[in-house]
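The values are calculated or read from the model by the stated rules, or taken from the named source; none is laboratory data. None of the values given here were measured: they were computed from a predicted structure. Glycine gets a Cβ as well: all are built from the backbone with ideal geometry, and neighbour counts include every protein chain shown. Accessible surface is based on the protein model in full, side chains and every heavy atom, while ligands, DNA and RNA are left aside. Shrake-Rupley method; radii C 1.70, N 1.55, O 1.52, S 1.80 Å.
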Amino acid sequence: MLALFLRDLKLAIRTGGGFGLALAFFLIVVMFVPFGVGSDLTLLARIAPGILWIGALLACLLSLDRIFQLDAEDGTLNVLATSPIPLSGVTVAKSMAHWVTTGLPLTIAAIPLGYLLNLPSIAYAWLFVSLFIGTPALSFIGAFGAAITVGIKRGGLLLSLLVLPLYIPTLIFGAVTVIKAVEGSNPMPSLMFLAGLTLLSVVIMPFASALALKANLS
Amino acid sequence: MSLWEYANPVKFMGLSSRLIPTLSVLTILCLVTGIVWGFFGTPDDYKQGSTVKIIFLHVPSALMAINAWMMMLVASLVWLIRRHHVSALAAKAAAPIGITMTLIALGTGAIWGKPMWGTYWAWDPRLTSFMILFVFYLGYMALWSAIEDSDTAADLTSILCMIGSVFALLSRYAVNFWNQGLHQGASLSLDKEQHVDDTFYYPLLFCIAGFVLLFVLLVLIRTRTEIRLRRAAALAARNV
Amino acid sequence: MSFCVDKLCCVRGNTTILSDVSFELATGDCLILRGPNGIGKSTLLNTLAGLAPQGHGTSTLDPDDIAYSGHLDAIKFQLTVAENLQFWAGVYGTNTVASVMQGFGLTELANRPAGNLSAGQKRRVGLARLLVSDRKVWLMDEPTTSLDADHTALITKMIDDHCQSGGIAVLSTHIDLDIKNAQTLELSQFKPEQARNNDVFLEGSF
């Protein structure tokens, strides 16, 4: 599993496009918001938590289809299925690699982007922590969507349609955490829910993905 | 003799063709009784006027929107565990009915909401949950239509239905949490049970029974169609 | 070590394309699957590898003994030859990359990105994975595709050596390979008389 995790990291770095693309997309989404709603700083500060979370979520969505598609195309997935690593282990390794190359950079990039949106200073720590805790759920849920659509040519749009509804609870708990911090009330309850959601995803998603991959192999 | 025998396509076709006429009559009886009684046999509400009568469409359709998903979940589990083909096709057949029920619930809700709250739409937790349910149905149906091999499609949609159920439930509670978080003490409550008086209660029961029967009837008819489509596809494959 | 396949049925979609395939292989055996295109050579290999659903019948092949090589090479173009093999060594938990590359004439290619290789060289890297995996039973789908005569001989020798040293190989091929004590299995004999479509939806409906 470690070998697979490290190889996926190496591939993401070599092919480029991995984190670079997601980060650029995140920047553009955040940049578009003032174009769309005006540059009023108090308004921006109010909507910043939601924009940052939605932007990170959409940026994360971009690279999902590569999780399994590339390996399926060159036959690697078939060989992996006959290897000592169980398919659930394959999913864990790949979801982790996806998080390190996408979720983690997005979490870090959210801080300077928050400044651009005039996010109140009290909320930065909560923004970072909520994204840090919440983005693994996005990767694990996303890997499930990728496993479902791996056999479908040009399944990118379908992948979004399947995965986005599953992202709703993560988005709500994540954004509410930051909103509460901005409002000055207690963000801990929603952060705990978010952490619970991530743990749940980490536990059940690899098995669901393995089932989906198995159905797609035959 | 076990219940599972009816998972065989031939048995299912035989049984359903015998059930459908009876079911149709019962459905029409219940719906007509419920709706006529509800619309013309009940007094106007002292507060809501005659608009309250949309309850006879709104509540049953909302119930069935959720129950259809539950039925799909059970049918999906039966397919995953026991590999009964009819079960998978029944889940497939139920999805468009479920999404229609969701739309009716949202539509009647909007029509009711305008005179009551002065708006067609509010981001109330219940309304939002139904919107979310609608998207889950969309994803499920899109996946069915995207995969060519029928057994693979049944497998994948069943897994999606399972995981979707977990996340739809989570969304339901997350939405409650979110709404309280944003609008302290939101005043829009759809809690009707407290208001419902006996004069409304009995016709409502008829309407609910009618919608349940209608759902079962439509699922049977649509499953029969799906079975025929599968037979046609299997025949075409054999003759190649 | 040996395994036994008894009355195995292979299905593609809902159609049984091979029925009652039976054979038994023991240490040192090599089985060559022959038959016209579309008869089900790949499907049989996939079924043995556990990649395709199994119909009736049994196979005593242990999934932990299998090394599978399909018609795709399963190599990453962005990684070098050595990195590709190193990755598979990591997956299978073995440590034989250096010796395999030497024995297979890949040492001089070790640091070339796999994307720059010719089709034949890619094939060799793909097959070197079988050696790296250090598993007993090789399942190979058309291993000699896009290889020239010299390399075909090299692969033949590799399979031969594997069987001599106690392994088992099952492979499909269109050309004659010179492998000692290889058995040939003609798959046409297992073809059902009439391509049976055993879709449950056709049972008893007419």
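Observations on the structure shown:
- Summary of packing: across the peptides A:202-215, B:104-117, the per-residue average of other C-beta atoms within 10 Å ranks them, highest first, as A:202-215, B:104-117.
- In order along the range A:98-103, phi translates into HN-Hα couplings of 5, 5, 5, 8, 10, x Hz, rounded to whole numbers, per the Karplus curve 6.51 cos²θ - 1.76 cosθ + 1.60 with θ = phi - 60° and x for Gly and Pro.
- For C:Gly50, residues with placed amide H under 5 Å, excluding near neighbours: none
- Anisotropy class of chain A from Cα gyration tensor, a/c 1.5 cut: prolate
- Degrees, to the nearest 10: A:188-217 long Cα axis against longest axis of chain A: 20
- Other protein chain Cβ atoms within 10 Å, averaged over every residue that makes up C:71-81: 5
- In range of the label at C:Thr27: residues from the range C:122-148 whose backbone nitrogen is under 14 Å from the point 7 Å along Cα→Cβ: C:136-137
- Interface size C-A, as summed buried accessible area [1.4 Å probe, Å², nearest 100]: 2000
- Accessible area of the range A:2-217 belonging to carbon and sulfur atoms, whole % at 1.4 Å probe: 75
- Across peptide B:132-141, the mean count of Cβ atoms from other chains lying within 10 Å of each residue's own Cβ comes to 3.
- Those residues of the range C:83-107 whose amide nitrogen sits under 17 Å from the label point placed on C:Lys157, 7 Å along Cα→Cβ: C:99-107
- With Cα atoms as the point set, the range C:73-206 shows a radius of gyration and Dmax of 18.7, 65 Å.
- Averaged over B:162-170, number of beta-carbon atoms from partner chains that fall within 10 Å: 6
- Degrees between helix C:119-133 axis and first principal axis of chain C (Cα, 0 to 90, nearest 10): 80
- Between C:Met1 and C:Gln189, the contour length at 0.36 nm per residue exceeds the alpha carbon distance by 65.0 nm.
- Cα-based helix-to-principal-axis angle, A:124-148 vs chain A, degrees rounded to 10: 30
- The amide H of C:Arg12, built 1.01 Å from its N in the peptide plane, has C:Ile17 as neighbours under 5 Å, considering only residues 5 or more places off or on other chains.
- Sequence-separation-based contact order of the range B:41-135, relative, with Cα cut under 8 Å and 6+ spacing, percent: 28
- Centre-to-centre separation between the Cα atoms of the range A:1-59 and those of the range A:177-218: 19 Å.
- Contact order relative to length of the range C:2-203, as percent, for alpha carbon pairs under 8 angstrom and 6 or more apart: 33
- Separation of alpha-carbon centers, the range B:87-102 and the range B:37-83, rounded to whole Å: 15
- What the Cβ-Cβ distance of C:Lys180 and C:Asp62 gives, at R0 = 25 Å and to the nearest 0.05, is a FRET efficiency of 0.50.
- Each of the peptides A:61-72, B:84-95 was scored by the mean count of other Cβ atoms within 10 Å over its residues; in descending order, highest first, they stand as B:84-95, A:61-72.
- Computed from the C-alpha gyration tensor, the three semi-axes of the ellipsoid equivalent to the protein assembly as shown are 52, 37, 16 Å, from longest to shortest.
- Remark on C:Leu33: its backbone amide H falls under 5 Å from those of C:Leu171, C:Ser172, C:Thr173, C:Leu185, a criterion applied only to residues 5 or more positions apart or on other chains, H modelled at 1.01 Å from N.
- Relative packing of peptides C:34-43, B:170-179 - highest average C-beta neighbours within 10 Å first: B:170-179, C:34-43
- Solvent-accessible heavy-atom area per residue, rounded to whole Å², over the range C:2-203 at 1.4 Å: 42
- Residues in the range A:31-40 carry Karplus couplings, in order, of 5, 5, 4, x, 4, x, 10, x, 9, 4 Hz; the curve used is 6.51 cos²θ - 1.76 cosθ + 1.60 with θ = phi - 60°, and Gly or Pro positions show x.
- Euclidean distance between Cα centres, the range C:19-81 to the range A:68-103, Å: 21
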